[in-house]
1. Which residue, of E190, E217, E206, E213, is within 30 Å of M130 (Cα to Cα), of a type in the set (D, E), modelled with pLDDT of 90 or more and away from ligand 2 (no atom under 16 Å from the Cβ)?
2. As an exercise: evaluate S93 against (1) assigned to a strand (DSSP E or B); (2) among the hydroxyl-bearing types (S, T, Y); (3) surrounded by 15 or more Cβ atoms within 10 Å (Cβ to Cβ) and give the number of the one condition it does not meet.
3. Out of L231, L235, L263, I need the residue that is more than 8 Å from ligand 2 (Cβ to nearest atom) and more than 16 Å from G355 (Cβ to Cβ). Which one?
4. Confirm whether D286 is within 15 Å of ligand 1 (Cβ to nearest atom) and either on the phi < 0 side of the Ramachandran plot or touching a residue at least 24 places away in the same chain (Cβ under 8 Å) (or both).
5. What is the number of the single condition among (1) over 35 Å from the mean Cα position of the chain (by Cα); (2) free of Cβ contacts under 8 Å to residues at least 40 places away in the same chain; (3) within 16 Å of ligand 2 (Cβ to nearest atom) that D341 does not meet?
6. Determine which member of the set T270, T249 is within 14 Å of ligand 1 (Cβ to nearest atom), out of contact with any strand residue (DSSP E or B) (no Cβ under 9 Å at 6 or more places or on another chain) and either closer than 28 Å to D310 by Cβ or not charged (D, E, K, R) (or both).
7. Give the residue that is surrounded by the most Cβ atoms within 10 Å (Cβ to Cβ), with candidates limited to residues of segment 291-331 that are in contact with a strand residue (DSSP E or B) (Cβ under 7 Å, 6 or more places away or on another chain) and part of a helix (DSSP H, G or I).
8. Which of the residues that make up segment 219-237 are in a helix (DSSP H, G or I), within 6 Å of ligand 1 (Cβ to nearest atom) and in contact (Cβ under 8 Å) with a residue 60 or more places away in the chain?
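The values are calculated or read from the model by the stated rules, or taken from the named source; none is laboratory data. Fair warning: this is a prediction, and the values are worked out from it, not measured in the lab. Cβ sites come from the backbone with ideal geometry, for glycine too, and all protein chains shown count toward neighbours.
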Amino acid sequence: MSENDTIAALATAPGEGGIAIVRISGPEAEKMLSALVPASHAWESHRMYYGHAMDQGEILDECMAVLFRAPRSYTREDVAEIHLHGGAWAARSVLSALYRRGVRAAEPGEFTRRAFLSGRIDLSRAEAVMALISADGQRAARAAVRQLEGGVSAFIRSAQQKLISLLSGAAAAIDYPEEISLEEAAGQLEQGARRLADQLESACDERGARIAEQGLEAVLCGRPNVGKSSLLNALARQERAIVTAIPGTTRDIVRADVMIAGLRVHFSDTAGLREGADVIERIGVDRARQAIAGADCVLTVLNASEPLTDEDRQLLRDTENAPRIIVLNQCDQTLALHPADFDRPVTVSALTGEGLAELESRVAAFGAGAGESALTQQRHMRLAREAAQCLRIAADACANGAPVDLAVIDLQQALQCLGRVTGEQVDEQLIDEIFSRFCVGK
Ligand SMILES: Nc1nc2c(ncn2[C@@H]2O[C@H](COP(=O)(O)OP(=O)(O)OP(=O)(O)O)[C@@H](O)[C@H]2O)c(=O)[nH]1
Ligand SMILES: [Mg+2]
């Protein structure tokens, strides 16, 4: 794959839509634009023109077109965009006319890859572009925008500077032992390395990053017939799970996705927990237990109109150490349970909708702060942890009286890890791997 030929792709999502944008990047972009959108004017950069996309004397579509001259463009090359009416045909015809003229079809992520290779954005920003495209909630999008604006780059740069100053302190002690004693240097290095390792580790919030990106897992559990399925339907605002007055109605896990305050929440309704059920229901009960164990938030549902049963008490004990909310359902009926007897319960009625808004905000509270740590991408967090580990090895070596030069090797390794986050130190294979996850046209 040559890096300086001219490439083109559909930049908007395929299918029906208001407009379809064909994007062209490379040295031939202006020539191709002039060939496909004949005009009597010269193409002024960054200006939108009205015209017609033409091929072999035939009008393909009415269009708007714009040229971004290098280096003020997405890729830093000449970039042209032809905005056509949405729908497959016009865009496909324009693209095939371009390919016939020798333009190459862009690989997934190739425009962003060029932006990276030309030095316009670093690797963490390129990854942010992809994260933003795939973000489906406000949380995930906000984290991606922060990264796109250089939040990750700034954090990594400041960590690199601290590391470099540790390294230069060590180098000074090695070169001028008469001025700085090696013990003193080792002491400073140890302290500084531990502090930086702490900072790097606290910048990684894996749970929060997962919740922001993929959503919060909330599981409804309780004995049969307390109203779990009814609650799921009320929260989802649609009839997802079957509701009947027969205990043991739900056997498999039923899921519903709900957006609460910009956070995606995956609610799972489970089989009512009880002993001695039939084979199918027992499997359901096992699945329910597994779901509870993996949940970010457990809704322990009780029927407020009935006194507690042994099963309820067992469930309250089983979920005691889980991130849980006690839900007293069926509050539209005469209460047999007193909210004051429970730890911060939410009183609701799946039937009337009472208390549901409070329940939602209590659930969303389990996602508070999600996606707000300095690093939110798996690759970045892995590298930051690796760097922190190298720093701790260096600090331990200093504490054990090892020569300072030895610690320097670990510090340099930590520096390399950080360089891989922003892409100063990357190999071709990693770049290929990252950009191949993009969609075509980005
Ligand atoms: N009055 C009243 N009835 C409710 C409420 N929630 C559920 N019910 C009724 O309680 C019965 C059981 O409801 P489900 O939602 O199927 O209960 P479940 O916990 O999913 O039961 P299993 O699937 O058997 O474990 C149904 O007849 C519902 O109509 C409520 O808030 N108020
Ligand atoms: Mg049910």
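1. Details: E190 fails: within 30 Å of M130 (Cα to Cα); E206 fails: modelled with pLDDT of 90 or more; E213 fails: modelled with pLDDT of 90 or more.
Answer to the selection: E217.
2. (1)
3. Numbers: L231 fails: more than 16 Å from G355 (Cβ to Cβ); L235 fails: more than 16 Å from G355 (Cβ to Cβ).
Being more than 8 Å from ligand 2 (Cβ to nearest atom) and more than 16 Å from G355 (Cβ to Cβ) holds for just one of L231, L235, L263, which is L263.
4. On the way: within 15 Å of ligand 1 (Cβ to nearest atom): yes; either on the phi < 0 side of the Ramachandran plot or touching a residue at least 24 places away in the same chain (Cβ under 8 Å) (or both): yes.
Here the answer is yes, as D286 does meet what is asked.
5. Here D341 meets the rest and fails (3).
6. After ruling out the rest, the residue left standing is T249.
7. Only one residue fits best here, namely L315.
8. Narrowing segment 219-237 to residues in a helix (DSSP H, G or I): 228-236.
Filter once more, so that each one left must be within 6 Å of ligand 1 (Cβ to nearest atom): 228-230.
K228, S230, listed by residue number.
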